[in-house]
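Data block below; observations after.
The values are calculated or read from the model by the stated rules, or taken from the named source; none is laboratory data. Being a predicted model, the structure only gives us computed values, none of them experimental. Cβ coordinates were reconstructed from backbone atoms using ideal geometry, including for glycine residues, and neighbour counts include every protein chain displayed. Quick note on the areas: whole protein, heavy atoms, side chains included, nothing else; ligands and nucleic acids left out. Shrake-Rupley method; radii C 1.70, N 1.55, O 1.52, S 1.80 Å.
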Amino acid sequence: MKRIFTVVASLFILSSCQTFSLYSFQGLSAPEVVIPADVKTICFVDRNTSFKLDTVSQYYLLNNTVLKDTTDYTASTASNCYLGFIENLSEYLLMDSIPFIRLDKKEMPGKRRYDPMKWEQVDSICASNGSDILICLEDIQLYNKYTIIEDVLHYGITDVNYFAVWRIYDPLNKTHLNEKMQIDSLFTEVSASSYNQLLIDKLPKRGEIFKDVSYQIGNQYADLLAPKWIDISRKYFASGDDRLAISKYYINQEDWETPISLWTEISNEDDNKLAGRACFNLAVAYELKGDFDQANHWIRKSIFHYKKLKSLPSEFKLVEKYTLQLLERTKNNKMLNLFFGE
């Protein structure tokens, strides 16, 4: 067994000319909006507000010609926004059911503004369906224009501008967990051999546009409420000492305990550059283990050792970069703890 170990060690010592090795893994990214862990039921509410300014959404452009569409898309827009929302919630926000409530249409006088609902009304809505919080679509507006370019082939471009206003009501704590406005645009392009074919068969109808875009709006907002798995890569030092070089072998076997033991030994060396590398590696290891207190402890020790050198080596840039990454991951971990109620 000892002879086999020596052969393996020699292989990695010979290949240790590279200063760094790379380790890739998946980590959980906290949601932008943290729903309290004790929330068990939510309700989607279309507030169904209407402003005098909203009449502009009935008009659209075909090149430079202004056209009017008398169809009212507000109901289908809200319901498709709801569908996009509920179909994109991750496994961490599974609910038995998410009811959809459309309030009676309310004409809003004056300039566009979004005063919150009274808490009495919020309590009443929650009581009617047993919900803990309300995801409220305060407003949603879409506008579009068509541009047709006549050439050998005829091209049709559909531009859509939209905005949506959201607010999350938490009646228990009498607070708004999130207030957000989504503003964006998108376009599609189609082609046809003739102007009429393009206009009649190819260009998306306004009903289709409103349906697809509103679905996407709800889908995008749901992204803010649930954690997501993301790909993460970390460099670690794999040269400067035989124990750093051989550590790559164990890491490739998903054994982190042996490298941690080796790196802890090196961290006590008198060589500050070598000790700094070992401490850096230990910070990465404890980040991967989910122990962010230890990870931050070791990155501070790494910086301490590097600062004792007469001049900072170029590799210290990696230490500085990772310190910021670790800070963000530490904040992310605190948000996840709130989300999971830990």
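If you scan segment 129-145, which residues turn out to be in a strand (DSSP E or B), open to solvent by 20 Å² or more (accessible area, probe 1.4 Å) and over 15 Å from R102 (Cβ atoms)?
First, the residues of segment 129-145 that are in a strand (DSSP E or B): 133-145.
This time we only want the ones that are open to solvent by 20 Å² or more (accessible area, probe 1.4 Å), so: 140, 143, 145.
Correct list: Y143, K145.
What is the one condition in (1) of a type outside the set (V, I, T); (2) touching a Lys or Arg at 6+ places or on another chain (Cβ under 7 Å); (3) within 24 Å of L28 (Cα to Cα) that Y322 does not satisfy?
It fails just one condition, (2).
Out of the residues in segment 163-187 meeting the condition of being hydroxyl-bearing (S, T, Y) and modelled with pLDDT of 95 or more, tell me which one is surrounded by the fewest Cβ atoms within 10 Å (Cβ to Cβ).
Our first condition is that a residue be hydroxyl-bearing (S, T, Y); within segment 163-187, this holds for 169, 175, 185.
Applying the additional criterion that residues be modelled with pLDDT of 95 or more yields 169, 175.
Working: Y169: 26, T175: 9.
Per the criteria, the residue is T175.
As an exercise: evaluate K331 against (1) surrounded by 13 or more Cβ atoms within 10 Å (Cβ to Cβ); (2) closer than 19 Å to F25 by Cβ and give the number of the one condition it does not meet.
All conditions pass for K331, except number (1).
For segment 36-57, indicate whether the set of residues that are touching a Phe, Trp or Tyr at 6+ places or on another chain (Cβ under 7 Å), assigned to a loop (DSSP other than H, G, I, E, B), within 30 Å of K289 (Cβ to Cβ) and open to solvent by less than 60 Å² (accessible area, probe 1.4 Å) is non-empty.
Within segment 36-57, one or more residues are touching a Phe, Trp or Tyr at 6+ places or on another chain (Cβ under 7 Å), assigned to a loop (DSSP other than H, G, I, E, B), within 30 Å of K289 (Cβ to Cβ) and open to solvent by less than 60 Å² (accessible area, probe 1.4 Å).
Go through the residues of segment 94-113 one by one and say whether even a single one is touching a residue at least 60 places away in the same chain (Cβ under 8 Å), more than 14 Å from G218 (Cα to Cα) and buried (at least 16 other Cβ atoms within 10 Å of the Cβ).
No - not one qualifying residue is present in segment 94-113.
Just checking: which of the strands (runs of 3 or more DSSP E) contained wholly in segment 61-128 hold 1 or more residues that are within 24 Å of L172 (Cα to Cα)? Walk me through how you get there before you give the answer.
Numbers: elements: 65-68, 100-102, 106-108.
Passing ranges, in order: 100-102.
Name the residue, out of I232, I149, that is more than 28 Å from K105 (Cα to Cα) and at pLDDT 95 or above. Lay out the reasoning, then the answer.
On the way: I149 fails: at pLDDT 95 or above.
Exactly one residue qualifies, and that residue is I232.
Go through the residues of segment 191-208 one by one and say whether even a single one is at pLDDT 95 or above, open to solvent by 90 Å² or more (accessible area, probe 1.4 Å), of a type in the set (K, R) and farther than 13 Å from I157 by Cβ.
Within segment 191-208 (the criterion being at pLDDT 95 or above, open to solvent by 90 Å² or more (accessible area, probe 1.4 Å), of a type in the set (K, R) and farther than 13 Å from I157 by Cβ), the answer is no, since none of the residues qualifies.
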